[in-house]
Amino acid sequence: MFVDKIYEDDWSGVKSLDAEYTCADFNQVESAIRRLNGKNKTMVVISSSVNNKALSIAGGNDGKYIAYLAVDVDDKLYNLTSGEEKAEKYCDIVAGGQSGSYPVNQCLDILTIIKACRYFTIYGEMDPDLIWELQE
């Protein structure tokens, strides 16, 4: 297993009571993701102490989530997308306690997010069956 750390936010007003803990298995990752609600729980980050990769998942409001992979502390960022062409449509996702508008092709369902997280947790890489776009 690649991932050994999980970070979760937990907002109370304007303050986040962040939690960081050791990851022993994928069930912990999935449970953290399922706690995302776009209210007090808005972000989960899974990472490894071995290299500089982290997968961040945010949202949960309206059953929509975003995910991006950071390589070498934000040297490269890859957004997980549906593969659909970017449109002028946006959805609102709460990430890090703040609402933001994201292209609708980045607003994904929980099953896609869990699939991406499972692969990253095991292998430390982007799931090749999913579509990742390099942020420019």
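The values are calculated or read from the model by the stated rules, or taken from the named source; none is laboratory data. Source: prediction; values computed, not measured. For neighbour counting, all protein chains shown are included, and Cβ atoms are generated from backbone atoms with ideal geometry for every residue, glycine included. The accessibility values were calculated without ligands, DNA or RNA, using every heavy atom of the protein model including side chains. Shrake-Rupley method; radii C 1.70, N 1.55, O 1.52, S 1.80 Å.
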### Query
Roughly how many Å² of residue 16 are accessible to a 1.4 Å probe, to the nearest 10?
30
## Note on the structure
Sorted by chain and then number, the residues having a modelled amide H within less than 5 Å of the amide H of residue 11, at least 5 places away or on another chain, are 17, 41, 42
## Note on the structure
In whole angstrom, the spacing between the Cα centers of the stretch 79-111 and the stretch 1-69 equals 17
#### Entry: Solvent-accessible area, 1.4 Å probe, carbon plus sulfur percent, for the chain
47
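Using a Förster distance of 25 angstrom, determine the FRET efficiency expected from the C-beta separation of residue 84 and residue 125, and round it to 0.05. Don't skip to the end; give the middle numbers.
Working: r = 23 Å, r/R0 = 0.92.
My answer for the efficiency is 0.60.
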### Answer label, with log10 I(q)/I(0) by the Debye sum over Cα atoms at q = 0.13, 0.17, 0.22 Å⁻¹ calculated from the coordinates and candidates [x] -0.69, -1.09, -1.47; [y] -0.60, -0.86, -1.19; [z] -0.49, -0.87, -1.44
[z]
### Query
Which are the unpartnered cysteines of the chain, meaning those with no other cysteine Cβ under 4.7 Å from their Cβ?
23, 117
### Message
Probe of 1.4 angstrom, ligands and nucleic acids ignored: what's the accessible area per residue over the stretch 1-59, in square angstrom?
### Response
50
#### Entry: For residue 95, residues with placed amide H under 5 Å, excluding near neighbours
100
### Query
Could you name the lysines in cross-link range of residue 64, using Cα to Cα under 17 Å and dropping any fewer than eight places away on the same chain?
39, 41, 86, 89, 115
### Task
Hey, can you grab everything whose amide H is under 5 Å from the amide H of residue 131? Only 5+ residues off in sequence or another chain; H modelled, so Pro and N-termini drop out.
81
